[in-house]
Amino acid sequence: MLDLLPDLFDHYENKLTLVQSNWNSYGGKTIFYGEVVTVKCFEDNSKVKSVLATPGKGKVLVVDGGGVCRRALLGDMIAESAFNNEWEGIIIYGAIRDAGTIATIDIGVQALATNPIKTEKKDVGLIDVAINIAGVDIKPKMMIYADINGIAIAEKPLDLTVLS
């Protein structure tokens with residue numbers, strides 16, 4: 001399967017909300033989905049690093065960086081840690097760095113942009129809180145679906161077997 005969202009919207013249009021923004025796909029996996037875990041932070045990726053260092057099978061980390069791209073909230077070492085801890089993907093409402101290396105890691109990564117500048121580490125941010133990205137409320141435990149067509153959110157898991 002090369003596309004997920006068009007088929008999902010064909011079957012579940014009333015159960016999905018599109019998170020419209022200028023998303024770019026950077027990870028080695030272009031289709032990913034899972035249960036939402038959130039981080040809200042501003043130019044400090046300490047909480048991103050700590051969450052992705054924990055087991056993440058079946059989960060996607062959604063990071064609300066306020067859409068600010070002055071510093072990268074994800075780099076190759078944290079992405080590699082996420083892969084090793086079996087996270088399905090990472091969505092950054094902000095910037096990432098090490099895009100060339102992240103493209104070689106078999107994990108979904110979407111973000112607004114790249115920026116080679118790292119963040120300061122002040123251990124500031126919130127984990128598992130409701131966030132709002134591009135006017136869409138996203139809460140922990142919701143389901144998120146992503147591919148190169150975009151990102152969509154659903155209250156509950158969708159049956160993907162209807163797509164085959």
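Computed quantities for the displayed model
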| quantity | calculated |
| --- | --- |
| Qualifying residues in segment 35-88 (those that are of a type in the set (Ser, Thr, Tyr) and assigned to a helix (DSSP H, G or I)) - the one nearest to Pro116 (Cα to Cα) | Ser46 |
| Residues that are more than 11 Å from the chain's Cα centre (by Cα) and either of a type in the set (Lys, Arg) or closer than 19 Å to Ile138 by Cα (or both), drawn from segment 69-94 | Arg70, Arg71, Leu73 |
| Segment 3-20 residues that are in a helix (DSSP H, G or I), paired with ones that are surrounded by fewer than 17 Cβ atoms within 10 Å (Cβ to Cβ) (beta carbon under 6 Å, 6 or more apart) | Asp7/Leu163; His11/Val162 |
| Residues (closer than 17 Å to Tyr33 by Cβ, of a type in the set (D, E, K, R) and touching an Asp or Glu at 6+ places or on another chain (Cβ under 9 Å)) located in segment 54-94 | Lys57, Lys59, Glu88 |
| Answer from Gly100, Gly66 - the residue that is out of contact with any Cys (no Cβ under 6 Å at 6 or more places or on another chain), closer than 23 Å to Asp137 by Cα and not aliphatic (A, V, I, L, M) | Gly66 |
| Selected residue [among the hydroxyl-bearing types (Ser, Thr, Tyr) and either over 30 Å from Val162 (Cα atoms) or surrounded by fewer than 17 Cβ atoms within 10 Å (Cβ to Cβ) (or both)] from Ser25, Ser46 | Ser46 |
| Selection count, segment 146-162, where residues are more than 13 Å from the chain's Cα centre (by Cα) and surrounded by 14 or more Cβ atoms within 10 Å (Cβ to Cβ) | 4 |
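Results for (1) surrounded by 19 or more Cβ atoms within 10 Å (Cβ to Cβ); (2) within 14 Å of Val63 (Cα to Cα); (3) in contact with a Ser or Thr (Cβ under 8 Å, 6 or more places away or on another chain); (4) β-branched (Val, Ile, Thr), shown as yes or no for each residue.
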{"residue": "Asn85", "(1), (2), (3), (4)": "no, no, yes, no"}
{"residue": "Gly89", "(1), (2), (3), (4)": "yes, yes, no, no"}
{"residue": "Tyr93", "(1), (2), (3), (4)": "yes, yes, yes, no"}
{"residue": "Thr104", "(1), (2), (3), (4)": "no, no, no, yes"}
{"residue": "Pro116", "(1), (2), (3), (4)": "no, no, no, no"}
{"residue": "Lys121", "(1), (2), (3), (4)": "no, no, yes, no"}
{"residue": "Ile127", "(1), (2), (3), (4)": "no, yes, yes, yes"}
{"residue": "Ile133", "(1), (2), (3), (4)": "yes, yes, yes, yes"}
{"residue": "Ile144", "(1), (2), (3), (4)": "yes, yes, no, yes"}
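Every number in this text was worked out from the coordinates using simple rules, so none of it is lab data. Given the structure is predicted, the values throughout are model-derived calculations rather than measurements. FYI the Cβ positions are ideal-geometry reconstructions off the backbone, even for glycines, and counts take in every protein chain you see.
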